[in-house]
């Protein structure tokens, strides 16, 4: 007589997502990425489409970019073609992604994990390494003359995605607090 087949292991159930009130970090992320939606529209779209903001202007958007860049960010103010590609990614890829990300964060949609990891990796690489590298260590013409102002404005665009990458490090991110 043969031994009966071993009993099948019980299927493990997927743990439920935590309610948003228990995932306060996701509320913080949602606020940042909602703000990034607006700043991508105001800041990154203009250099991408070739709007000149090297002089003060009566136009709010042009003046906002001039105010930031005139004494802080020569790479942004007069971008070479490769930098216009970086701002174009922000204006036409990241900006539409942000509302999707905000929705997924607030609703606890685990399918956002892979897109969030791809996004955060791109941002940390392009902005954190390439742009910051040029602004601090590149050719003299592109270096920031005002590192404190540059970092005050731009650190968030690397730090928050890096924290998001850490948040999304394991499957089912919304089943845990962080």
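None of the figures in this text is laboratory data; all of them are computed from the coordinates on show. Note that the structure is a prediction, hence the values are computed from the model and not measured. Because the Cβ atoms are built from the backbone with ideal geometry, glycine has one as well, and the counts that use them run over all protein chains shown.
Quick rundown of the values:
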| quantity | calculated |
| --- | --- |
| Between helix 156-167 and the chain: long-axis angle, C-alpha atoms, 0 to 90°, nearest 10 | 10 degrees |
| Nearest-ten-degree value, helix 95-107 long axis tilted from longest Cα axis of the chain | 40 degrees |
| Sequence of 98, 68, 103 once ranked by neighbouring C-beta atoms within 10 Å, starting from the fewest | 103, 68, 98 |
| Mean ellipticity per residue at 222 nm, deg cm²/dmol - from DSSP H runs of n ≥ 4 across the chain, formula -39500 (n - 2.57) | -15000 deg cm²/dmol |
| Cα gyration tensor category, rounded, prolate or oblate, for the stretch 12-90 with a/c compared to 1.5 | prolate |
| Cβ-based exposure ranking for 163, 46, in which fewest neighbours within 10 Å come first | 163, 46 |
| Footprinting exposure proxy for 112, 129 (fewest neighbouring C-beta atoms within 10 Å first) | 129, 112 |
| Cα gyration tensor shape for the chain, rounded if a/c is under 1.5, else prolate or oblate | prolate |
